Amino acid sequence: MTGMTTPAFDAPADWPWDAMPADLLDALTSSLARQLAPGPVYLLIDPMSSDVSQPIDTYPRHPVTCAALQSPAEQLPYLVELRDANDPLLAQSIAWAAEEHLRACANGSGPCRIAGWLQPHVPNGGATLARQIGALLQARNAPGGGHYLRLADRRVLALLHRLESPAIDWPRQLKGMAHWIYLDANFALRMLQGQSGPAANQPLQLNAAHWQCVIEAEAINRSLMAWQGFRHPLPDDAVAQVMAPLARARRHGLHEPQDLAAYAAEALQFSAFEQYPDLAGRIARCLHTQQPLADRLQALRGRWTDSDTASPPPPPPPGRRP
């Protein structure tokens, strides 16, 4: 099985929330616990931007290390070993994952520290699993000669998981890993499964199309979060849908991820936006003055929304909720 989606239940329609609905968190916790096998569960954390706010000092920790990962040790991922699916840290970590996505949507971006919940096929221990993850993070054949594939940022993992052409052979590349479960942008649990057998301890094999997706990950994910401000849940083909307006935004000379995302979200929300006669000139002036495109679009929105009366109201400014 290459992967599966496990929604907790039909998510409430009154997005955006100020906080995660308690019944959604409870359903996610129950759903995750049902999918886990008996024995230890390994919580993968990515502290690249910052670590989880509440220290986890009473649990065994297994650092993810590899000679090719040229980053300070405190920025590299690590595994926290939970006793089993009934460990209270499981529910706490789901709450952290959901809340950090809420904050990122409200602010336009933000760290995703909770990379997922993992178990190997054979209980070899956390150190063995950490070595396998360290090997997967080696950016072999990366454009520009990079050394680190941030697969422990679950947004990068989700983008690569969603790619269908060409699809990654996850069962082969995750051999030895029974499952890697992560929370997606729609607050659903997604699972990747590897073949049984000894871990290969090899870098994730990516081709040019995969690497292009990784390079564009920040703009894509910012676009998805902005889109989610007025459409929830996102459609299954959300990534494919944002790629076209992102390409058109680049043809207008935009290159900053936040500007690209502002353009893509506006195009997805208002069908008349890209037909606005002076759009190219307005963007050119925005680039000249270095004004954030989102601010300019908010000031001009009435120019294309008058003919787009079926569209929903614009999303609230970053950091605010209605």
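The values are calculated or read from the model by the stated rules, or taken from the named source; none is laboratory data. All figures in this text were calculated on a predicted structure; none of them were measured in a lab. FYI the Cβ positions are ideal-geometry reconstructions off the backbone, even for glycines, and counts take in every protein chain you see.
Could you check, for the range 159-172, whether at least one of its residues is among the aliphatic types (A, V, I, L, M), under 22 Å from residue 41 (Cβ atoms) and assigned by TED's automatic domain parsing to the domain that holds residue 69?
So in the range 159-172, the residues among the aliphatic types (A, V, I, L, M) come out as 159-160, 163, 167-168.
Next, only the ones that are under 22 Å from residue 41 (Cβ atoms) stay: none.
There is no residue in the range 159-172 that is among the aliphatic types (A, V, I, L, M), under 22 Å from residue 41 (Cβ atoms) and assigned by TED's automatic domain parsing to the domain that holds residue 69.
Can you give me the number of residues within the range 250-274 that are over 22 Å from residue 216 (Cβ atoms) and modelled with pLDDT of 95 or more?
Of the residues in that region, 2 qualify.
Of all the residues that make up the range 259-288, how many are touching a Lys or Arg at 6+ places or on another chain (Cβ under 6 Å) and either among the aliphatic types (A, V, I, L, M) or within 16 Å of residue 108 (Cα to Cα) (or both)?
1
Only one of (1) over 13 Å from residue 177 (Cα atoms); (2) aliphatic (A, V, I, L, M); (3) in a strand (DSSP E or B) is not met by residue 151, so which one is it?
Only one criterion in (1) over 13 Å from residue 177 (Cα atoms); (2) aliphatic (A, V, I, L, M); (3) in a strand (DSSP E or B) is unmet by residue 151, namely (3).
Report, by residue number, each residue of the range 233-266 that is of a type in the set (Val, Ile, Thr) and surrounded by 24 or more Cβ atoms within 10 Å (Cβ to Cβ).
242
If residue 286 passes every condition in (1) in the same structural domain as residue 124 (by TED's automatic domain parsing); (2) out of contact with any His (no Cβ under 7 Å at 6 or more places or on another chain); (3) farther than 19 Å from residue 163 by Cβ but one, which one does it miss?
Evaluating residue 286 over (1) in the same structural domain as residue 124 (by TED's automatic domain parsing); (2) out of contact with any His (no Cβ under 7 Å at 6 or more places or on another chain); (3) farther than 19 Å from residue 163 by Cβ leaves (1) as the failure.
Here are some residues: 98, 68. Which one is under 20 Å from residue 136 (Cβ atoms), in the same structural domain as residue 158 (by TED's automatic domain parsing) and among the small types (Gly, Ala, Ser)?
Values: 98 fails: under 20 Å from residue 136 (Cβ atoms).
The match here is 68.
If residue 110 satisfies every condition in (1) within 26 Å of residue 16 (Cα to Cα); (2) in a loop (DSSP other than H, G, I, E, B); (3) modelled with pLDDT of 90 or more but one, which is the exception?
So the condition that residue 110 fails would be (3).
Taking residue 204, is it under 27 Å from residue 123 (Cα atoms) and touching a Ser or Thr at 6+ places or on another chain (Cβ under 7 Å)?
no
If you go through the range 77-90, how many residues are in a loop (DSSP other than H, G, I, E, B) and either of a type in the set (Asp, Glu) or free of Cβ contacts under 8 Å to residues at least 40 places away in the same chain (or both)?
The first filter runs over the range 77-90 and keeps only residues in a loop (DSSP other than H, G, I, E, B), leaving 77, 83-87.
With either of a type in the set (Asp, Glu) or free of Cβ contacts under 8 Å to residues at least 40 places away in the same chain (or both) added as a condition, the list becomes 84, 87.
Residues flagged as in a loop (DSSP other than H, G, I, E, B) and either of a type in the set (Asp, Glu) or free of Cβ contacts under 8 Å to residues at least 40 places away in the same chain (or both) within the range 77-90 amount to 2.
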